[in-house]
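The values are calculated or read from the model by the stated rules, or taken from the named source; none is laboratory data. Computed from a predicted structure; not experimentally measured. A quick note on method: Cβ atoms are made from the backbone with ideal geometry, for glycine too, and the neighbour counts reach across all protein chains shown.
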Amino acid sequence: MNSSARFQTLDQWLRWQEGLHPRTIDLGLERVARVAARLQCLQPAATVITVAGTNGKGSAVALLEAILTRAGYRVGSYTSPHLLRYNERVRLQGEPVADETLCAAFDRVDRARAGDSLTYFEFGTLAALDILRRQSLDVALLEVGLGGRLDAVNIVDGDAALVTSIGLDHTDWLGKDREAIGREKAGIFRAGRPAVCCDSQPPASLRAAADERGASWHCLGEDFKLVERGRGWHWQGGGRPYRDLPRPALAGAHQLANAAGVLMVLQLLEQRLPVDRSAIEAGLRWLRLPGRIERIAGTVEQVLDVSHNVAAALALVDTLRHAPVVGETHAVIGMMADKDIEAFVRALQPLVSRWYPVGLAVERAASAAQMEQRIAGVSDATAVTRCDSMAQVPERLRPRRGDRVLVCGSFYTVSEWLALRPAFGQAQQSLPG
């Protein structure tokens, strides 16, 4: 590691980045593009696929990564946020990069800033692009953080763009309705390049933006289709169809739409990235992505889901409705203060018997008291048990055998639960029957 670097450890770098810029979110491309030009990292791989959307971005990137690596390509991925370790954000061949790799990249970004101030996300995006472009990759997969048009990832011109879904989230930044949000997501489209959407009912603004930019528009239900068939499914697009594919290993019918969009992108890029059926099947079967309706069997089943908006909550309810439990469902829920907490809770209500609002160790989060008040406004107040921190959950959460514990509301909620799960396990050793 460079001894003249500002810091020597990953934790030191990350803590410093959190306070470097006066605003946590500062959408715009001018500063980050200027530093990227100095780093010469605007072409991180021979082929770049950019993924945006309200929900499903991480799933689509993980599926592209799984298929393309099994097809023999060198693949790098940049996603956010992470669950347990920051390193998860930058992956090479599916594996998180080492601390030393990140620290060296942070040092290069710091030197290239030349006094320019960067947000935490911008700093991390530049470091990721710098790492990827040094790897002689065949493909770079870039997940947009917020929106599309003004997100730091959008400094890179993708060879194909995939929009997974359009829903109401980050409305203070992106607009109050799907049409406005669609326009922001469409900012990743490029002239003469594929723009794929796996939302079967996209806002009109998305296609209009594709037309305005001269992108090649391809939408689920119009230009490519999926048909569920028993335990498998069929896909049909502009070229060869795929029949009797295995379902994606991630839970939920909505993952079929994400997979369909991924296959459309791959078909449109097949001249430069040919992929055979065996790689597609292997990618679908062995796809792994923690925290996406992740079910952990046990005397008390655990379901971990990073969902934090109404559309994701409805997908969660639909999935678990097909996997009922004998007993009750206890929801451990923590959310960011700017989310529509009442609407999220209302969507989950048919599923949940008891609520455990929890305070999270992050500044943007609603406090446990705020969560309790907002849940009580739309649910049975007697079924709410407040936990001021995740550390209080094991002593207050007392399910019975056959019950289910659902952990949801944000990445931070799932992350803190994973860190505390051994304590929960010890607390449940003598469960009532």
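Considering each residue of the range 327-345, count those that are within 20 Å of the chain's Cα centre (by Cα), among the small types (Gly, Ala, Ser) and in a strand (DSSP E or B), and give that number. So the count comes out to 0. Scanning the range 247-255 turns up at least one residue that is touching a helix residue (DSSP H, G or I) at 6+ places or on another chain (Cβ under 8 Å), at pLDDT below 90, within 23 Å of Asn309 (Cα to Cα) and surrounded by fewer than 21 Cβ atoms within 10 Å (Cβ to Cβ). Within the range 347-373, residues that are under 9 Å from Val384 (Cβ atoms) reach partners that are of a type in the set (Ser, Thr, Tyr) with beta carbons closer than 7 Å, at six or more positions or on different chains, in the pairs Arg354/Thr385; Trp355/Ser379; Tyr356/Thr385.
Report whether or not Ala195 is in a strand (DSSP E or B) and either of a type outside the set (Ser, Thr, Tyr) or surrounded by 24 or more Cβ atoms within 10 Å (Cβ to Cβ) (or both). Judged against the criteria, Ala195 is a match. When we screen Arg89, Arg31 for residues that are modelled with pLDDT of 95 or more, among the basic types (Lys, Arg) and assigned by TED's automatic domain parsing to the domain that holds Leu263, the only hit is Arg89. Residue count for the range 269-293 satisfying the condition of being farther than 16 Å from Leu63 by Cα and either outside any loop (DSSP other than H, G, I, E, B) or among the small types (Gly, Ala, Ser) (or both): 0.
Of all residues in the range 392-419, those that are aliphatic (A, V, I, L, M) have Cβ atoms under 7 Å from Cβ atoms of residues that are part of a helix (DSSP H, G or I) and buried (at least 23 other Cβ atoms within 10 Å of the Cβ), 6 or more apart or on another chain, in Val407/Thr413; Val407/Val414.
Looking at Leu64, Leu68, just one residue is within 16 Å of the chain's Cα centre (by Cα), under 24 Å from Asp157 (Cα atoms), of a type in the set (A, V, I, L, M, F, W, C) and part of a helix (DSSP H, G or I), and that residue is Leu64. If the condition is being buried (at least 21 other Cβ atoms within 10 Å of the Cβ) and either at positive phi or of a type in the set (A, V, I, L, M) (or both), then the range 109-137 contributes Val109, Leu118, Leu126, Ala127, Ala128, Leu129, Ile131, Leu132, Leu137. Inside the range 363-381, residues that are of a type outside the set (A, V, I, L, M) and in contact with a Gly (Cβ under 6 Å, 6 or more places away or on another chain) make up a count of 1. Contact map, the range 10-25: residues that are among the charged types (D, E, K, R) paired with residues that are in a helix (DSSP H, G or I), Cβ distance under 7 Å, separation 6+ or inter-chain. Pairs shown: Glu18/Tyr120.
Screening the candidates Leu84, Leu92, Leu132 for the property of being touching a strand residue (DSSP E or B) at 6+ places or on another chain (Cβ under 8 Å) and in contact (Cβ under 8 Å) with a residue 60 or more places away in the chain yields one hit, Leu132. Scanning the range 374-386 for residues that are under 19 Å from Leu397 (Cβ atoms) and without any contact (Cβ under 8 Å) to a residue 40 or more places away in the chain turns up Ala376, Ser379, Asp380, Ala381, Thr382, Ala383, Val384, Thr385, Arg386.
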